[in-house]
Every structure is written in structure tokens, then in C-alpha cells.
1. Mind checking the dipole of chain B: about its Cα centre, +1 per Lys or Arg Cβ, -1 per Asp or Glu Cβ, Debye to the nearest 20?
2. Within straight cross-link reach of B:Lys313, meaning Cα distance under 29 Å, which lysines are found once same-chain residues fewer than 8 apart are removed?
3. Which residue, chosen from A:Ala143, A:Gly199, A:Gly171, occupies the Cα position most advanced towards the positive end of the dipole of the stretch A:122-229, where the dipole is computed from +1 (Lys, Arg) and -1 (Asp, Glu) charges on Cβ about the Cα centre?
4. Using a loss threshold of 40 Å², tell me which positions in the stretch B:189-203 are less accessible in the complex than in their chain alone. Probe radius 1.4 Å, ligands and nucleic acids ignored.
5. Once the Cα atoms of helix A:305-315 and of chain A are each reduced to a long axis, what angle between those two axes, in degrees from 0 to 90 to the nearest 10, is obtained?
6. Helix A:351-361: angle to the longest alpha-carbon principal axis of chain A, degrees 0 to 90, nearest 10?
7. What would the Debye formula give as log10 I(q)/I(0) at q = 0.05, 0.06 Å⁻¹ for the alpha-carbon point model of the protein assembly as shown, no solvent?
8. Put B:Arg12, B:Arg96, B:Arg161 in order of accessible area, largest first, 1.4 Å probe: what do you get?
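The values are calculated or read from the model by the stated rules, or taken from the named source; none is laboratory data. Computed from a predicted structure; not experimentally measured. Cβ sites come from the backbone with ideal geometry, for glycine too, and all protein chains shown count toward neighbours. SASA here: full protein model, heavy atoms, side chains in, ligands and nucleic acids out. Shrake-Rupley method; radii C 1.70, N 1.55, O 1.52, S 1.80 Å.
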Amino acid sequence: MTEPAQPHAGGRPQVTPLGSDRLGELPPDHCSPVWPKAEPGALAGIRICDFTGQLAGAGATKILAALGAEVIRIEDPVRQGRWDILRGTQPFVDEHRGIEAGGSFNNHNAGKLGITLNLRDDRAKELLRDLIAVSDSVTENFAAGVMDRLGFGYEALRRIKPDIVYVSNCGFGADGPYASFRSWGPIAQAVSGLTFQSGLPDQPPAGWGYSFMDHTGAYYMAIAILMALYHRRRTGEGQWVDLACIEAAGTLHGAASLDFTVNARPARRSGMPNSNRSQSPTMAPHGIFACDGDDEWVAVAVRHDDDWQRFADVVGEPWAGDERWQRLSGRLAHEGELEQLVGDWTGSRSKHTVGRRLVEAGVPAAPVLRPSERIDGDPRTAEWGLWVTVPHSAVGDARVEGLPVRLSETDWAIGRGAPCLGEDNRYVFGAVLGRCDDEIAELEAEGVI
Amino acid sequence: MVALEASAPASRRPLDGLRVIELTSERCALAGKLLADMGADVIVVEPPGGSPMRAYEPFAGDEPDREQALWWWHYNTSKRSVVLDLDGAEGADDFRRLVSTADVVIEAEPLGRLAALGLDWSQLGGASSSTAAVPARPSTDAGGRNERLIWVSITHNGRERPDPPATDLTVLAEGGPVWSCGYDDHTIPPVRGGGNQGLQMACHYAVATLMAALMWREDSGRGQLIDVSMLAAANLTCEFATYFWLNQQVDVQRQTGRHALPQISEPTQVRCADDRWLNTGVPPRRGPEFAALSGWLAELGLASECPYTELLKLGESYEQIDILHLDADPLSAEVFGAGRDTINFLAERLGAHELFVGLQSIGLACGIVYSPEEMLADEHFVARGFPVEIDHDGTPVTYPGAPYRFSATPWRATRAPRLGEHQDLLAD
């Protein structure tokens, strides 16, 4: 936090409005932030100087923004912010196209402020220095070394603000033999072992059908920023966090890594991976089975012998009473045959019916839901408030993702859509950095912002 | 070879001084680990007989033994263990005492269980009066509540909704990830991504939110309840599947080893000469990339053998091939295809590691499909100190190390506790 606020007895603590701690130095016409938040979140008062893009970076600061931080996203006016390729790429709403219309971008940046800085110009660098001086954290997910080349590596940041929290996020990390290698989600997943661990025997790697490590890299980045800010809040000490997305991914294998380092049992072995089965802990049957209809599936996890009894009761056919299936050892010994029988039983039934009947009997089961089914067909996600409609200045109403958490005192909120290019220049350069309207107009005219 | 962080002199960590009580569960173990490895004093409460995770395969030496479960080892580093029977009066009392000394409770109990025992958030946490003075840490009011307590509850879909039987597999199936993972051939079942990600997603959100609540408590002096939905966390970890539906109301379809999209895309995985796979990323598009690929072919002595050499030469004249409009430009399509074919040509002749390092060294992003143990052994991650040795009573064991490198307050882990190893915590 920039200034430790005084705690207040009773009720909600009063948190100073965004940027207002510096407004005393400014003429009155700068004193109205264009975007006051209705409810101060848990991170009210935290300001992030944000260079992130794509999902691996922007996804992290989106979480912080939803929790109340003032996230100021910095983009290059010369390239129209296209370093972040998601700005102008599909999916699009209706007929909207171009750099304000990218649906993924508009999801990952909802709730943030947006400014432009042409860092080829010294006046833009001066503005950036001023912004860093009043920020709590600088965040980025460029390739290693880019911030140094811009003149804003960690040592330079520290000279501007000694207690800055600087968090960099790239695939291979800031140093090491592969520091120059480039990466994005699918590459991080491949190199870390995650792709390998997702698939069926005698098939190529199935991997993750999306950039799982962009999501998860963003989660680790958010955690890192907040842990470092918490440390600074209590000690006054800033630091640099070097987040290598592939290393974060390398911690996500559960017991598989130790099975090799302790037991010398590699994951690359005959019959593996087989990630629809459960080897750790062992369960059977455990898999995804075809149901009635085109590309319809149900997931079933029989955790133990009691689950099997319940499962067999629901099935109610003679084969389910076979002595071999009563104990886990028997089910594992003939797992392929058992899976065939289960698949024959599910194959003529609706995935919803199978899922519901098994859950009612106490057995973990669930239909494999399509996006349409889980977003607009599953009342549970709507009841949670998971899909949020926010106003976007160019697109109109935009549907974005919320958070899967609820806080009893300082719940999250997403007040608006992603910023259009330079949408908040006036507020940030004016109200936050104290530049007058004429100066801002001149900077704009000369391509500095 | 391996960084010795575990045996280095104790250094400061960002969560030093923070006490966390974790009720053991596979659903919240990672959350506790992330906090413990960064310095929090995480006390994991196990039932008599031990955490269910102590019975999960595989075991060290393949000997079923509650102290040898590798799952337990992995997810419970840096924690301390006490055994409490919450169903008994003594255990419940001990739990209340522990909570009164804590900053954070993390639990994933079946809904209603703790409330029935008088041990839930509503009974142990939360300010009892809106006019209460801001407490110093930790503090209990007259009713025995700890006003500074932050309570993290991880459930299937929040504390207000039904709590069906569920596992990692079923959460990933109904939460969306499974739909996007699998193969071009849709007669093959879609695939659960490995590594317990359905459990881990919720833990990641839990920890990020908890850290924000801790920041707020610094000023307000007050804790709060954080209600985490596993189903919602999975729904928010599906990338394009979600964005295509939210924006265009179209369902994506799964494709082998690459992004699920509304349309079918080109393959991005190639099997190399050593039978390992490479994710080829995006093949060359810019002139210098074609030039670099030609140069490397020549270096390898394969230029004359490669049937695409002439087309690569042509590629050198492009500033950037517009891959979105190849249909309208057959020559560009042929040149772009030659880049991809050249990578496939190389894959028939080189091992995956040589191809990976070679392509990356000339500026073409790609990734070898490593198994977890191969990643741990790779020279890059070894040089960065990612694999760490953790001491197990005199025997070093190699673990995946820090997910992030903090310059001033680095990650550090110690071995998971034995059952009830820290029972004497309850003595005073």
C-alpha cells in the first residue's frame, strides 16, 4: 500500500479513493477520477504499473483489479498495443473488429485502466518514471531482457522507487542456458511435462487443448505479486520475483516427479500416460465413457469398494454382481474388461441421467459439459455470478469471467470492460501524475502518448 | 547439480510469522503447501490414523506405509502435523485453542460437518460486534471468536450450494477443461489433463484471494470468510472455449495436442527420430526466419537432401507471410507450407532435444514434449536451481523446487511431517 491507512473502528474501514492521496498537490480540475469504484476491494490503495499482456500476464493483474487494485495498463501507441496479439484477434462480438474488439483481450483486461506511452521518446520515459514512483508494483511478461533494453530493468526500477515490487513472468525465466528461448502456453506445457502427462496409451500426447499454463502462470504471478507486496507492507522491503512459467508448471505433477526421484519409476513407461484412469490414488473404474448421442460423455470415479456397491446397485444388471468387481484389486486386475462393461452400460443412456443417478447414489460422476452447456445451460455458474456483463467503450456490453471466490467483507467486483487504447490517459497523466490538460494534448499531438 | 536451498541458513520469507491451520484434505493441501514453502507456520490437522492422502499410491520403495506416501510428501512440505479427533470434546477444544492463535484457517470439509461440531467460521471467526476495537494480532473476543481470522473454505461449488460427491476427474468434466482436451478422432474419449489440476486450480485462487484478504487485514484489523468454488475455478480455466462462447456463442472442438477451436487447425506436434514429440509452435513466417532455417540446414549438411530448399530461399524475401489469408495467395501458402515441411523433414532425422534446441537457437519458438522427470533433469532448469534436495532425516530427496524466485525472501521447503510429529504444540 502506498500509505498505511488508519484503521477505523466498526463498519467498513474508509479507504481513500483511487489516486486521491496525491490529489492535494494538484489543481482542482484534476480532482475527479473518471472511474471511481463503488466499493473499495481488498486491494484498494494498491497501484500496479502494468506491462503485462496475453493471458499469462494480463490474467494475473485482472485478478488484482477485481480485488480492488488500481491496475494501469501501459501500451505502445505506435503499434496500437498490438504487442498483445489478443487485442485484435477473434473471438469477436457481432460485427466488431479491430484492436478494441478482441474478445480474449477484453476478458483479460476488464477492470483495468489503459494508457499509452511511446517509450522511444524521452518524455514518455519521464512519464513512466513518474508513474513507477507512485506505484507499488511493476509487472510484465515480456521475453527475458526486454525491460532492460527499455531502460527499466530491476536496478533502474529500484533507483526510481527503492521498495518497488517487480514481477517478471516469462517461459524459461530470466537466466539460464535457455534464457533467450521463446515460449507461450503450449510450449510451456510441452517442456514442463504437462503435455506428456495428458493422454491415452498408444496415442500421441493429447496435452491441454488450450493454454492451461497461461491461466496457471497468471495464478502464480498473482500469488507472487501479493506475497511480495505483503512482505513489503510489513517490512518496507521490495524485491524482484523471477517467475519462469515452465518452472511453475514443473511443480504441478503431484506425486509423479517423486515417483521417479525416489523410486526410479519414470512417467515415460509402457502403458503410460493413461490420464483418464487414476493411478494415484488407485481407483477403478475411473474414466470417461461414451453416452447416447454425438460426442456425449460422462465421467465416473469409483473411489473405493463402497462406491462400487452403490454403482452396482444403480446399474442393476447381472454383470455388476460379478465377484471379481467387489474388491479394488479385482477391478484393477481386469480394468480393461470392466471399462468395456461400464461403457456398454452408459452408451445407450443420456450423460445427464447417468451423472445424476450416480451422484444421487453417492458416486462421483458428471457429464462432460460443452461450453454452451456449462456457461448458459448450467444454473450453478449463473447463480455464482461467474459471467459478468460489463460496459466496454467500443463494444458495448461485454461478457467476461468473474472470480471463483466470494469474500464476506471485501468481495470482488469488475466495474467496466477492458480499456480502449489510451482510454485513461487523461486521468492517469492528469489526476495521478499532475500534468495539465494542455500538456497532455501536446504529448498526444506529438505522439508521445 | 542440485541447489542446496533446503540446507542453506534460514533466511527470511514473505509469510514469516503467519500461522495457518489446515484441516487435511486433498482439496486444500496445495494451498497450505504454497503458504508453508513461503514461510507460514502451517499446522496440518490430521484425524486419528492420519490423512487419507497417507494411503495414496505410490509409496517410497513401494511399501504401503503412512509415512512413505509420495502424495503426502509432495503436497505437505514445510508443514507441521498434529492429530485431533474433532468428533471428541478434547479434540474440538484443542482445535478451538489452535484457531485462537491462528491468522488463517483452510478447510475443505464436507458442508455442514464443522458447523455441527460447533467449529465452523460462524462459530470461531468473524467480528461479533461492529463497534469492537481493532484487535492486535491474534485476539479473541469474549465469545471466543478470533476477529482477525481469515477462513478459507474450499467446496465443490461454494457454501450455499449442494455438495455432491466429486473428484478431480468429475470437476474437470463438468467444469469444462475435459471438453477441450483429447484427439482429432472424436470416437476416442476426451482426456483429463494429468496432475490433479481440478484440485489445484481452486487452491491457486484460494491463495491469491487469501493474500488480498491479508493485505486488507493489515489496515482494517479484520479477517473474513473466503468461499472458494472448485466448479467455478475449473470453469475459469478453459481459455478459448469460454471466450468463443461468451463472444460468439459457438462451441470449440478438441484437436490432438493443440488448441480446441471452432474450426480444425493444422497439427502442431511432430514425432522425432527418437520417438519423442515436439510442439512446433508457429512455423517460420518472416524472411529472416526462413534464412535462419536454411542456414541451419546447411550447417547440418542437409541442404541438398531437403526438397524444400528452393522454397525456403523464396521465403527469405517475405517481410511476413499473412497466414490468415493463405487461401487467396497460393504461392505464399506453398512457401509457408515449406517451412512446416522442413521442420517435419528435420524431425525424421534428429532427436527431439536436438531439434528443440536447434530451432529455438535460430529464433523459432517450439517445445520438446518432456516427461516430468526429463524436465527436472534438463540442464536449463538444473542451472537455475529448480530441482532441490530436501532432507529426509539424513537422506536427500530431489523435489521440483520453487514455482517463483523471490530475490529477497526466497522459497524454501522442508520435508512433510510425520503423523502427529508436532503434537507437543498442544501441550501449552
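1. Working: 34 positive and 60 negative charges, 233 e Å.
Dipole about the Cα centre, nearest 20: 1120 debye.
2. Partners found: none.
3. It is A:Ala143, whose Cα lies furthest towards the positive end.
4. Relative to the lone chain, where solvent access is computed with a 1.4 Å probe, the stretch B:189-203 loses at least 40 Å² at B:Pro189, B:Pro190, B:Val191, B:Arg192, B:Gly194, B:Gln197.
5. Tilt of helix A:305-315: around 70 degrees.
6. Compared with the principal axis, the helix lies near 80 degrees.
7. The calculated log intensity ratios at q = 0.05, 0.06 Å⁻¹ are -0.27, -0.39.
8. Working: B:Arg12 115, B:Arg96 90, B:Arg161 50 Å².
From most exposed to least exposed: B:Arg12, B:Arg96, B:Arg161.
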